[in-house]
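These notes are about the structure you will find just below.
The values are calculated or read from the model by the stated rules, or taken from the named source; none is laboratory data. Just so it is clear, the model here is predicted, and its values are computed rather than measured. Cβ: placed from backbone, ideal geometry, glycine included. Neighbour counts: every protein chain shown. All accessible areas refer to the heavy atoms of the entire protein, side chains included, with ligands and DNA or RNA removed. Shrake-Rupley method; radii C 1.70, N 1.55, O 1.52, S 1.80 Å.
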Amino acid sequence: MSIFAKIIAREIPADIVFEDDVCLAFRDIAPKAPVHILVIPKKPIVSLADLTEEDQAAMGRCVVVASIVAKQEGLDNGYRLVVNSGADGGQEVPHLHFHLLGGRKMSWPPG
Ligand code: AMP
């Protein structure tokens, strides 16, 4: 069971900012920006590479939830939504997650 599955199951604590039947959003434990929230599907999908057609609605919901949470956090000047996928993508936790980053100007290209 991944660490995020344990957060969904309330086996370990997290600062949860949004929850519905499909998604959970909680603050990143090591924030890389003034606002750093992870939006995850409750279904234990490992990475973008593991998505199937049946995940389309859940992925759409996660993006909508990120937009809702960004408004909730007052990120009116913009923000970034990032998914790291696999080893080259820099993914560390094997449960698909969207990083919502905001509260500062982001640079491009990413490292
Ligand atoms: P990634 O490198 O894309 O897999 O991102 C994993 C993210 O999960 C990192 O930004 C970590 O800081 C974050 N993280 C790891 N464990 C926890 C936790 N228990 N609660 C909240 N965020 C976590």
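Would you tally the residues in the range 51-83 being more than 21 Å from residue 18 (Cα to Cα) and in contact with a Ser or Thr (Cβ under 9 Å, 6 or more places away or on another chain)?
0
Looking for something closer than 23 Å to residue 107 by Cα and more than 15 Å from the chain's Cα centre (by Cα) - is there at least one such residue anywhere in the range 47-63? Walk me through how you get there before you give the answer.
Initial filter on the range 47-63 (closer than 23 Å to residue 107 by Cα): 63.
From the residues that got through so far, the ones that are more than 15 Å from the chain's Cα centre (by Cα) too are none.
Within the range 47-63 (the criterion being closer than 23 Å to residue 107 by Cα and more than 15 Å from the chain's Cα centre (by Cα)), the answer is no, since none of the residues qualifies.
Contact list please: Cβ distance under 7 Å, first residue in the range 79-95 and farther than 23 Å from residue 64 by Cβ, second residue modelled with pLDDT of 95 or more and open to solvent by 40 Å² or more (accessible area, probe 1.4 Å), pairs at least six apart or on different chains.
86/49; 90/84; 94/46
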